[in-house]
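The values are calculated or read from the model by the stated rules, or taken from the named source; none is laboratory data. Nothing here was measured: the structure is a model prediction, and the numbers come from that model. Glycine gets a Cβ as well: all are built from the backbone with ideal geometry, and neighbour counts include every protein chain shown. For accessibility, only protein heavy atoms count, side chains too; no ligands or nucleic acids. Shrake-Rupley method; radii C 1.70, N 1.55, O 1.52, S 1.80 Å.
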Amino acid sequence: MKRLVRALAGLLTVTCVAASGFAQTPGKPVRIVLGFPAGGGSDTVLRVIAQRLAQQLGQPVVIDNKPGADGIIAADAVAKAAPDGTTLYFASSNALVAAPVLRGHQGVPYDRFKDFTPVAKLGRFALVMATAPNLPAKTYSEFIQYVRSKPGALNYASGHSVGRLAAIQFLNLAKLDMLHVPYKGDAPALTDLITGRVHMIFSTEAAVRGFVKDGKLNALLALRDTRSAQLPGVPTAREVGLRISVSPWAGLYGPANMPAAAVEHINKALHAALSGNEARELLDKYGFEPSVSSPAEMAAIHREEYDVFHKAVHEDGIKFE
């Protein structure tokens, strides 16, 4: 009997340690690595989420901006980090889907699936086609006619692979000829768009909304099912007869072999952080629809979207220069 009691006590101790695995470094900040500069759409949304996540976890959550290479630099930093639950990656379709598809397996230093632990899908961004204010075209149809009248004379910017893929699909469907100008993120691309150095971009609604309302940019098209409450005058792709498959998601990942207890702890905290109306309404203003999933659902979404992108790129003949 004493042996049985001791065995049960030992089992209980192991269970308790596993359940509290995330709390092994009390007070240590949780670092969320982001592959884009401060001030962009992803950064804005992540700061809303991080503030509320910190409240639920009871420990600081800091954002580490590592822009460049479509988020590959940031993703690689997390892939190489210790899997103790204190380093996470604010993942998107860019570094884990679009970049591996467009660049090929040799173009990224990590395995898009094996080197990461899914924690949760956080939601989806809405993409908006925005144009420079100095263009005479002020509507979608006017823009189409204007670009067709100047084949190869105008350009489009991209701050990430997802925005670029959306632009390529749009140009192919509309049969337009525009030159590509790459940037390290939406923020610097939008700066040049406002000044007219570039002419068009597919960026997140979060990044362009303020500029559109201030009259610094024109928004001509939104990649979403229904019109945005924040930009009600902007038609959806469906309204103008386009079928663009890009619908960028955002999620949290840790390094490979992250403890299951840590994953569960953070996932539950995210559910609590984003379940209130106040958080949802604020994120909706930035063009982000929060929807926290289980780790397994995030993994399934990731793999499915990778397959969709891979098929679209190879069927359309899109190549990354």
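Which is farther than 30 Å from residue 314 by Cβ, part of a loop (DSSP other than H, G, I, E, B) and either free of Cβ contacts under 8 Å to residues at least 24 places away in the same chain or open to solvent by 50 Å² or more (accessible area, probe 1.4 Å) (or both), of 243, 227?
Numbers: 243 fails: farther than 30 Å from residue 314 by Cβ.
Testing whether each residue is farther than 30 Å from residue 314 by Cβ, part of a loop (DSSP other than H, G, I, E, B) and either free of Cβ contacts under 8 Å to residues at least 24 places away in the same chain or open to solvent by 50 Å² or more (accessible area, probe 1.4 Å) (or both) leaves just 227.
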- Of the residues in the stretch 41-62 that are closer than 19 Å to residue 188 by Cα and touching a helix residue (DSSP H, G or I) at 6+ places or on another chain (Cβ under 7 Å), the one that is surrounded by the most Cβ atoms within 10 Å (Cβ to Cβ) is 41
- Tally time: how many residues in the stretch 79-96 are out of contact with any Gly (no Cβ under 7 Å at 6 or more places or on another chain), within 14 Å of residue 252 (Cα to Cα) and either without any contact (Cβ under 8 Å) to a residue 40 or more places away in the chain or among the aliphatic types (A, V, I, L, M) (or both)? 2
- Message: Restricting to the stretch 288-297, give me the number of residues that are surrounded by 14 or more Cβ atoms within 10 Å (Cβ to Cβ) and in a helix (DSSP H, G or I).
- Response: 2
- Task: Within the stretch 280-297, track down each residue that is modelled with pLDDT under 95 and over 18 Å from the mean Cα position of the chain (by Cα).
- Result: 281
- Here is a list of conditions, (1) closer than 15 Å to residue 133 by Cβ; (2) at pLDDT below 90, and residue 205 meets all of them except one; can you say which number that is? (1)
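Filter the stretch 110-124 down to the residues that are in contact with an Asp or Glu (Cβ under 7 Å, 6 or more places away or on another chain) and either open to solvent by less than 20 Å² (accessible area, probe 1.4 Å) or at pLDDT 95 or above (or both) and list them by number.
110, 121, 123
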- Item | Complete set of residues in the stretch 199-215 that are in contact with a strand residue (DSSP E or B) (Cβ under 9 Å, 6 or more places away or on another chain) and open to solvent by 40 Å² or more (accessible area, probe 1.4 Å) | 209, 211
- State the number of residues belonging to the stretch 63-75 that are open to solvent by 10 Å² or more (accessible area, probe 1.4 Å) and either among the hydrophobic types (A, V, I, L, M, F, W, C) or more than 24 Å from residue 51 (Cα to Cα) (or both). 5
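Let's see how each residue does on (1) open to solvent by 60 Å² or more (accessible area, probe 1.4 Å); (2) under 30 Å from residue 55 (Cβ atoms); (3) modelled with pLDDT of 95 or more; (4) touching a helix residue (DSSP H, G or I) at 6+ places or on another chain (Cβ under 9 Å):
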{"site": "217", "(1), (2), (3), (4)": "no, no, yes, yes"}
{"site": "248", "(1), (2), (3), (4)": "no, yes, no, yes"}
{"site": "251", "(1), (2), (3), (4)": "no, yes, yes, yes"}
{"site": "260", "(1), (2), (3), (4)": "yes, yes, yes, yes"}
{"site": "269", "(1), (2), (3), (4)": "no, yes, yes, yes"}
{"site": "299", "(1), (2), (3), (4)": "no, yes, yes, no"}
{"site": "302", "(1), (2), (3), (4)": "no, yes, no, yes"}
{"site": "312", "(1), (2), (3), (4)": "no, no, no, yes"}
- Any hit, the stretch 186-198, residues being farther than 19 Å from residue 43 by Cβ, in contact with a helix residue (DSSP H, G or I) (Cβ under 9 Å, 6 or more places away or on another chain) and either surrounded by 24 or more Cβ atoms within 10 Å (Cβ to Cβ) or modelled with pLDDT of 95 or more (or both): yes
- Task: Scan the stretch 126-180 for residues that are open to solvent by less than 40 Å² (accessible area, probe 1.4 Å) and assigned to a strand (DSSP E or B) and jot them down.
- Result: 127, 128, 129, 130, 131, 155, 156, 157, 158
